[in-house]
Amino acid sequence: MKILISGASVAGPALAWFLHRDGHEVTVVERAPALRDSGYAVDFRGPAFEVLEELGILEEVRAHATGMTGTDLLDADGAHAGALPPEIFAGELEVPKREVTRILHEHTARTVRYVFDDSIDRIEQDATGVRVGFERSAPDTYDLVVGADGIYSVVRRLVFAPHSEAIRHLGLSGAGFSTANHLGLDHRGALWQTPGRAVYVFSAADRDRMSVSLSFASDSPALDLLDRAEQERITRDRMAGAGWLLPRLLEDMSAATDFYFSSACQVHLDRWSEGRVVLVGDAGHCAAPTSGMGTSQALIGAHTLARHLAASGDHTKAFASYEQELRPYVTENQEIGREGARRFGA
Ligand SMILES: Cc1cc2nc3c(=O)[nH]c(=O)nc-3n(C[C@H](O)[C@H](O)[C@H](O)COP(=O)(O)OP(=O)(O)OC[C@H]3O[C@@H](n4cnc5c(N)ncnc54)[C@H](O)[C@@H]3O)c2cc1C
């Protein structure tokens, strides 16, 4: 089949690899002009390791392990109040996300057609195929279209539901960036918390730098769509009056070149496929960053979808059995995501 995948992060390239292996002709369209340089680390747990192995990239991914040794818990004044083992925040294996995306892309670049700096903007389907319009490229027709384009998936919005219906906010938002390693952390994290506010910092490969995440209770996914100046203003506002290292971190935030802002959100849909269009990864069933399961889920989702397509010549049956098999795993991860948001102050 001729298959179009929207999104070149984790789920998209992983699925592309399996589909090419199984004899399909695959194109991946990515809105960003090049692979995204995400600043945070992602973790792998449980059956995700089997998928990495089948993809043939487990050792290459493992070579980029952050090697975290755990997280110190700090009280409001920054005094040591306990410690968490590494698996709580770093899973069984934690790797910078940019390395995962790069490895998956390199692994597929010769066999899959990648189109950067473009996006689907129209989808029409009937029993024979899916006609797709793009912002830049000429329209084309595909046998199947897969949305692997993340929490704000355009495929989901065009075919399934508006964002406001599909996205569920978990009551937590926050800013992230990197700065000088003020705490002298060495392959270690620190978690500072007061009611409704949390700061998580860690330093791994680069001893001079630490990653910072400032989170606070909030109730609006619309914060994610504001510009940086507004997001910084709101973050500063919510962190106001906090002691410890906060005044310094808020100054560093303004100077950061890798600032990002995101809310803990989940995607809930009654079904993950519609005719010849199907969703995978965060686009279809995001469990929220607070679950620590998003990357494993994206890989397992891609593998499950490819396996059912290979087992059944009929995409309708394959999509139904993919969803039936994956839903219990997603439901469990989404519960972990809600618990995680509560732990961070939602
Ligand atoms: C701050 C933060 C921290 C996180 N921490 C962790 C963690 O510790 N552990 C963990 O497992 N997970 C974590 N996650 C979640 C994890 O990053 C995701 O669950 C995982 O990347 C999902 O992969 P995906 O391929 O489904 O979607 P994404 O990684 O979101 O990728 C979607 C891709 O689609 C592209 N795209 C978007 N719109 C379009 C369009 N219109 N057309 C074409 N392409 C488009 C995007 O540019 C992107 O490349 C975190 C997420 C965030 C935001």
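The values are calculated or read from the model by the stated rules, or taken from the named source; none is laboratory data. Please read these numbers as outputs of a predicted model, since none were measured by experiment. Note: ideal-geometry Cβ built from the backbone for every residue, glycine included; neighbour counts use all protein chains shown.
Can you give me the ranges of the helices (runs of 4 or more DSSP H) entirely in region 239-346 with at least 1 residues that are without any contact (Cβ under 8 Å) to a residue 24 or more places away in the chain, charged (D, E, K, R) and in contact with a helix residue (DSSP H, G or I) (Cβ under 6 Å, 6 or more places away or on another chain)? I'd like the intermediate steps shown before the answer.
Values: elements: 246-255, 282-285, 294-311, 315-343.
Counting at least 1 such residues, we get 315-343.
State which residue is nearest to the ligand (Cβ to nearest atom) when the search covers only region 27-50 and only residues that are within 20 Å of ILE336 (Cβ to Cβ) and among the hydrophobic types (A, V, I, L, M, F, W, C). Going through the qualifying residues, I end up with VAL42. Inspect all residues belonging to region 112-131 and state whether any of them is assigned to a helix (DSSP H, G or I) and either without any contact (Cβ under 8 Å) to a residue 60 or more places away in the chain or exposed (fewer than 14 other Cβ atoms within 10 Å of the Cβ) (or both). Looking for residues that are assigned to a helix (DSSP H, G or I) and either without any contact (Cβ under 8 Å) to a residue 60 or more places away in the chain or exposed (fewer than 14 other Cβ atoms within 10 Å of the Cβ) (or both), one finds none in region 112-131, hence no.
Yes or no: region 82-90 includes at least one residue that is within 15 Å of the ligand (Cβ to nearest atom), within 18 Å of the chain's Cα centre (by Cα) and β-branched (Val, Ile, Thr). Break it down into steps so the answer makes sense when it comes.
Residues of region 82-90 that are within 15 Å of the ligand (Cβ to nearest atom), as a first pass: 84, 86-90.
Restricting the remaining residues to those that are within 18 Å of the chain's Cα centre (by Cα) gives 88-90.
Remaining after also requiring β-branched (Val, Ile, Thr): 88.
Yes: one or more hits.
Of everything in region 132-165 that's of a type in the set (A, V, I, L, M) and away from the ligand (no atom under 14 Å from the Cβ), which residue is nearest to the chain's Cα centre (by Cα)? Please lay out each step first, then the result.
Restricting attention to region 132-165, the residues satisfying the condition of being of a type in the set (A, V, I, L, M) are 132, 138, 144-146, 148, 151, 154-155, 158-159, 161.
Then drop every residue that is not away from the ligand (no atom under 14 Å from the Cβ), which leaves 138, 144, 161.
Details: ALA138: 29, LEU144: 23, ALA161: 20 Å.
Filtering first and then ranking leaves ALA161.
Quick one: in region 217-233, of everything that is more than 14 Å from the ligand (Cβ to nearest atom) and touching a residue at least 40 places away in the same chain (Cβ under 8 Å), which residue is nearest to THR179 (Cα to Cα)? Spell out how you get there, then give the answer.
Of all residues in region 217-233, those more than 14 Å from the ligand (Cβ to nearest atom) come to 217-220, 222, 226-230, 232-233.
Filter again for touching a residue at least 40 places away in the same chain (Cβ under 8 Å), leaving 217-220, 232.
Values: ALA217: 23, SER218: 25, ASP219: 28, SER220: 27, GLU232: 15 Å.
Among residues in region 217-233 that are more than 14 Å from the ligand (Cβ to nearest atom) and touching a residue at least 40 places away in the same chain (Cβ under 8 Å), the one nearest to THR179 (Cα to Cα) is GLU232.
Of the set (1) in a strand (DSSP E or B); (2) of a type outside the set (A, V, I, L, M); (3) touching a helix residue (DSSP H, G or I) at 6+ places or on another chain (Cβ under 9 Å); (4) within 13 Å of the ligand (Cβ to nearest atom), all apply to GLU94 but (3). Could you grab me the full set of residues in region 1-46 that are part of a loop (DSSP other than H, G, I, E, B), at pLDDT 95 or above and over 18 Å from ARG102 (Cα atoms)? Result: MET1, ASP22, GLY23, HIS24.
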